[in-house]
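Taking it in order: structure first as structure tokens, then the write-up.
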């Protein structure tokens, strides 16, 4: 573990911005909320934030992205497009680092998604331990209040200085880039970080009443409880907000958009969501999840069971974005999972 | 339409402000691209010529009296393809606010002593309430790029990509702070996306100009608005600005 003074870290970040070799991105305030956005000055960084509106996955899988450009004047001329901007992303919380680890698995799965993986490999992730928690977060219950890997560097606020954990050679090389005043952490500082990481685990207002490892079993049992899903989905707008703000949702839609010249166009992908009515509609108009309750149930099944069966991860990291941004307040995973747990068959 | 021939298109306006045709007139350099794929034979706002020989009719404005109805039916017979453009033509638009008001008062307010000279329906209707409509370009006003997308789709014989999900999708993609978290209230959760949440991006709210999605959860949204402290009347006002005609049709279904 290393230690750096806050003012020195600021100077280091300003140096990176000035150098311009990579885009420097960090957590900034937006009205009363926070977002990941390009930094023009290290002063803009808000490392004591609670949660951002969108997770940082938008840098590896942008909300809208051109995959192919085509021309149709002389036959069909197609070219794959992948706009890769090398980035340093500063201020990623442990639950979002866990989500990125899961996304890495998803997009590395055959066939590898190069539009994701090339952006991901050109990024440096600087994590930060949480100082504030969102009132909707239950990252502690999901085991994601802290994290041991998935970052290149990890910061912990120690008053006028930061403890810096090095997570990869990419992280170490970044520290070597500037003439940075950094020193080894002293034993007391290491203990302080350990205490902070222990304390964070108990700072969450929302909790799961049982171990998340039991979710696949519980959800398998409750799949057929149609009254439960219908009752809870009654006020669902099918607006997809819970999907779009989720750090582990990765579904997308692909559409071709022709230019009005009719001689060229773009194949675009855009984030999609299983809560949207058209999501499971196929050619011919058949819809595999026509009812609100079916779509509502599907999201919980994905998060707690289906993705576990495929990749071995519980795909809810406990960030609380879905519940905090759901206008009718029906998307809180702790509420649904705890209700199911209380009502389980022994 | 014969293949290899540019389709002839004509624009017609009914009760409305012609703001949608203005959007098209304002296409600037793209209007030249548009003219490469269609031949405009009638467009009152930009040309004096007129012809009744057209393949595609663009309809702006809502249908508010029998004269409108007859004229629209005639256009429908002339055209192979009929496209409604703008909220007045697609969902009745602002004109349909009168659908939920006392009609005599409405007439008094608009025409005063002269009201007997104007034969008007009690309720404003969108084009599809009177004739079959093949395509719709939503919005108040329409989005120029979406208009071009619909035109090129119909020229190529493809189904245009018009979203049937709420504005919340685009609002979140644009990482806006939700109006409800700013102590404001909007109808985005029941309104059809496709506008790129342009109003909320600029810091205001969604008023619903693209109309409700095909299957909105309006009951839930009315409840939510009341829970957030709006009176029943304020909630209704939110819904009646653009949705008056749609709400009535849904009620009758």
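Computed from the coordinates by the stated procedures, all read-outs in this text should not be read as laboratory data. The shown structure was predicted, so the numbers you read here are calculated from the model rather than taken from an experiment. Glycine also receives a Cβ, built like all others from the backbone with ideal geometry; neighbour counts cover every protein chain displayed.
Annotations
- Efficiency of FRET from Cβ geometry, residue A:82 and residue B:53, R₀ 56 Å, rounded to 0.05: 0.70
- Taking every alpha-carbon pair in the protein assembly as shown and binning the separations at 20 Å intervals from zero gives 18, 45, 29, 8, 0 percent.
- Förster radius 25 Å - calculated FRET efficiency between residue A:288 and residue B:202 (Cβ-Cβ, nearest 0.05): 0.10
- Measuring nothing but alpha carbons in the range A:100-201 and taking Rh as the Kirkwood radius, the Rg to Rh ratio lands at 1.02.
- Length-normalised contact order for the range B:8-156 - Cα pairs under 8 Å, 6+ apart - percent: 28 percent
- Cβ crowding within 10 Å, taken as a proxy for footprinting-reagent exposure, orders B:245, A:341 from fewest neighbours to most as A:341, B:245.
- Rounded, prolate or oblate (a/c below 1.5 giving rounded, otherwise prolate when a/b exceeds b/c) for the range A:169-267 by Cα gyration tensor: oblate
- Fraction of antiparallel bridges per DSSP, chain A only, in percent to nearest 5: 75 percent
- Volume per residue for chain A equals 166 cubic angstrom (convex hull of Cα atoms).
- Relative contact order (%) - chain A, alpha-carbon pairs under 8 angstrom, separation at least six: 21 percent
- Entry note, chain A: the mean residue ellipticity at 222 nm calculated from DSSP H runs of n ≥ 4, each adding -39500 (n - 2.57), is -9000 deg cm²/dmol after division by the residues and rounding to the nearest 500.
- The long axis of helix B:218-227 is offset from the longest Cα principal axis of chain B by roughly 40 degrees.
- Seen against the Cα atoms of chain B and their longest principal axis, helix B:66-78 is set at about 50 degrees.
- DSSP bridge orientation in chain B - percent antiparallel, rounded to nearest 5: 25 percent
- Distance (nanometres) between label positions extended 7 Å along Cα→Cβ at residue A:1 and residue A:170: 2.4 nm
- Most mobile listed residue (A:207, A:290, A:98) in chain A, GNM with C-alpha springs under 10 Å: A:290
- By DSSP, the beta bridges lying fully in the protein assembly as shown are antiparallel in about 60 percent of cases.
- Cα→Cβ-extended label distance, 7 Å offset, between residue A:251 and residue A:227, nm: 2.8 nm
- Exposure proxy for B:85, A:336, A:244: other Cβ atoms within 10 Å of each Cβ, ordered fewest to most, give A:336, A:244, B:85.
- Neighbour-count order for A:9, B:34, A:276, B:230, fewest beta carbons within 10 angstrom listed first: B:230, B:34, A:9, A:276
- The distance linking the range B:158-237 with the range B:86-157 is 21 Å (Cα centroid to Cα centroid, whole angstrom).
- Length-normalised contact order for the range A:212-342 - Cα pairs under 8 Å, 6+ apart - percent: 31 percent
- You can think of it this way: the chain between residue B:159 and residue B:174 has 2.8 nm of extra reach, that is 0.36 nm per residue less the Cα-Cα gap.
- The distance separating the Cα centre of the range B:13-74 from that of the range A:13-58 comes to 47 Å.
- Anisotropy class of the range B:168-252 from Cα gyration tensor, a/c 1.5 cut: oblate
- Taken along the Cα-to-beta-carbon direction at a fixed 7 Å, the label points for residue A:191 and residue A:344 span 4.0 nm.
- Whether chain B is rounded, prolate or oblate, judged on the alpha carbon gyration tensor where a/c under 1.5 counts as rounded: oblate
- Acute angle (nearest 10 degrees) that the helix B:144-156 long axis makes with the longest principal axis of chain B, alpha-carbon atoms: 50 degrees
- Residue B:227/residue A:179 FRET efficiency (R0 60 Å; Cβ-Cβ; nearest 0.05): 0.60
- Convex hull projection area averaged over all views, the range A:212-342, Cα basis, nm²: 9.7 nm²
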